[in-house]
């Protein structure tokens, strides 16, 4: 996990590299603020030209705005929701994404990296309408994108007890997550997985007891449209 790149001028964001048998996948490589230092960080672990996949949870700038530069630095395809496959070329010079964008269907898919498979799990409306999380069955880490985000927390800290961590998460989740129904459906899905760690795109990872505590917490959280009233939709005076 790379976590300190570019956040002096923008939101703190985590980027992830998975390596398997002399190839690898980059998850949510971020924007241009992150690119140069991330590229150097990747070279310390793995030759970037051997990268086999770029995985984007959704199409926000802090997720994938550096795509133009990664299209130059590697020959890897980019995997993103089918909803966004015709949008992300706008981050690049004309023609650079031709034949290199793989649209992930709404129900997700398995993505081969080296001799292992990563799983793109449906995470729509958390917060993006075309959104995926990435599950690594080998490490048992769930790369959760914007679900599980904490604000103002050192990303180098690992959270093992959720209760004192909730104040750094609550406002974000109430605003960015679309509805309690979506969170309930997600919770039922991920309870079937032997998750060791949940690692969001912003803030600190959760491990040990905090994993199930987080799933329990979001399963009953009112958020998004559940909290909206007519007072939120009035003509400004």
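Each value in this text was obtained by applying a stated rule to the coordinates, not by laboratory testing. This is a predicted model, so every value here is computed, not measured. Cβ: placed from backbone, ideal geometry, glycine included. Neighbour counts: every protein chain shown.
List of remarks:
- Nearest 10 degrees, 0 to 90: helix 209-219 Cα axis against the chain principal axis: 60 degrees
- Beta bridge orientation in the chain: antiparallel %, DSSP, nearest 5: 55 percent
- Estimated [θ] at 222 nm from DSSP helical runs (n ≥ 4, -39500 (n - 2.57)) normalised by residues in the chain, nearest 500: -6500 deg cm²/dmol
- Only one of (1) 49, 47, 36; (2) 49, 39, 37; (3) 45, 39, 32 was calculated from the structure for Cα extents along the principal axes in Å, and its label is (1).
- Label point at residue 11 placed 7 Å out along Cα→Cβ; residues across region 167-193 whose backbone nitrogen lies under 12 Å: 172-173, 175-177
- Highest GNM mean-square fluctuation among 73, 210, 44, for the chain modelled with Cα contacts below 10 Å: 44.
- Summarising the label geometry, the points placed 7 Å from Cα in the beta-carbon direction at residue 36 and residue 98 lie 3.1 nm from one another.
- Rg and Dmax of region 102-206, both derived from C-alpha coordinates alone, stand at 13.8, 40 Å.
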